[in-house]
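A.B. asks: Take this structure first; my questions come after.
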Amino acid sequence: MKKITNPVTGQTEYQFEGKLLKALSETTLQNSNGKNYKLATIEFVDVHGVIQKASAMIYEGNYSKGVDVGKEYVCTARKGTDNQIYIQMSHLEANADRATIDMFADFEEVEAPAKTTSKAVNLIES
């Protein structure tokens, strides 16, 4: 699990891998902003290493791209104003086909530029 801060709300959220256990709900629901979503049942490993099952919402913009039972997808958990935890599943596969350095011929090591500090100096003429 990766703890992140939502750049828009400033709220703490957690990103993790969730395995889709069964087909999405047939019913399309709508949130308070009018966005369509369906419910999914996912399985994930919690911070204690325990496998948990939970429901997650997946918005139309994600499920329209297609998701498959048995695959792991990027999920985000956030706490609602009602102190309930809400999980959102995306269509992005977790760790899917990520490139590794050994897939390429030769990469030179890249060093981060050195940080410089500058100090303002006040000159007083006498």
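The values are calculated or read from the model by the stated rules, or taken from the named source; none is laboratory data. Source: prediction; values computed, not measured. Positions of Cβ are generated from backbone atoms using ideal geometry, with glycine treated the same way; all protein chains shown enter the neighbour counts. Only protein heavy atoms, including side chains, enter the accessible area calculation; ligands, DNA and RNA are left aside. Shrake-Rupley method; radii C 1.70, N 1.55, O 1.52, S 1.80 Å.
A.B. asks: Go through (1) without any contact (Cβ under 8 Å) to a residue 24 or more places away in the chain; (2) on the phi > 0 side of the Ramachandran plot for residue 70 and report which single condition fails.
C.D. replies: Failed condition: (1).
A.B. asks: Continuing with the same structure: Filter the stretch 1-35 down to residues that are touching a Gly at 6+ places or on another chain (Cβ under 9 Å) and open to solvent by less than 60 Å² (accessible area, probe 1.4 Å), then give me how many there are.
C.D. replies: Summing the residues that are touching a Gly at 6+ places or on another chain (Cβ under 9 Å) and open to solvent by less than 60 Å² (accessible area, probe 1.4 Å) in the stretch 1-35 gives 2.
A.B. asks: Restricting attention to the stretch 44-60, which residues are in contact with a strand residue (DSSP E or B) (Cβ under 8 Å, 6 or more places away or on another chain), closer than 25 Å to residue 11 by Cβ and exposed (fewer than 15 other Cβ atoms within 10 Å of the Cβ)?
C.D. replies: Within the stretch 44-60, 45, 46, 52, 53, 55, 60 meet the criteria.
A.B. asks: Still on this structure, please answer the following. Identify the single condition in (1) among the charged types (D, E, K, R); (2) modelled with pLDDT of 95 or more; (3) in contact with an Asp or Glu (Cβ under 8 Å, 6 or more places away or on another chain) that residue 3 does not satisfy, given that it satisfies every other one.
C.D. replies: (2)
A.B. asks: Moving on to the next point. Among 77, 94, 40, which is modelled with pLDDT under 90, surrounded by 12 or more Cβ atoms within 10 Å (Cβ to Cβ) and touching a strand residue (DSSP E or B) at 6+ places or on another chain (Cβ under 7 Å)? Explain how you work it out, then say what you get.
C.D. replies: Working: 77 fails: modelled with pLDDT under 90; 40 fails: modelled with pLDDT under 90.
Exactly one of 77, 94, 40 is modelled with pLDDT under 90, surrounded by 12 or more Cβ atoms within 10 Å (Cβ to Cβ) and touching a strand residue (DSSP E or B) at 6+ places or on another chain (Cβ under 7 Å), namely 94.
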